[in-house]
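**Student:** What follows is a single structure, and I will ask about it in a moment.
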Amino acid sequence: MDMKNMREYVCWLYYQYLLITGIYVLEPWEQSIFNTVLCTMVAMVIYTSYVFVPIHMRLALEFFSELVREQSESTLALMNSR
């Protein structure tokens, strides 16, 4: 894909973004505020996911591994008591 087609494709994507979100009816300064807020929110979601999702995944894995371990121990205790 050459640079001219790439530029046209990016312009087309931006035009689709304007149409889908409906910000094509806003003034240019309103569009820039909207885009800034949107980019800030997306950046915050990405950062939060990067920082906190691994911690929660580790805690969930520990919790469920404890449940499975306790369940298997209680099953063994039941079988040994018979």
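**Student:** With a point put 7 Å past each Cα toward its Cβ, work out how far GLN31 is from MET57 in nm, to one decimal.
**Tutor:** Inter-label distance under the simple model: 3.8 nm.
**Student:** Excluding VAL10 itself, what net charge comes from residues whose Cβ is under 15 Å from its Cβ, given Lys and Arg +1 and Asp and Glu -1?
**Tutor:** Summing Lys/Arg as +1 and Asp/Glu as -1 gives 0.
Only the coordinates and a few stated rules stand behind these numbers; no lab work does. Remember, it's a predicted structure, so these values are computed and weren't measured experimentally. Reconstructed Cβ throughout: ideal geometry from the backbone, glycine too, with neighbour counts over all protein chains shown.
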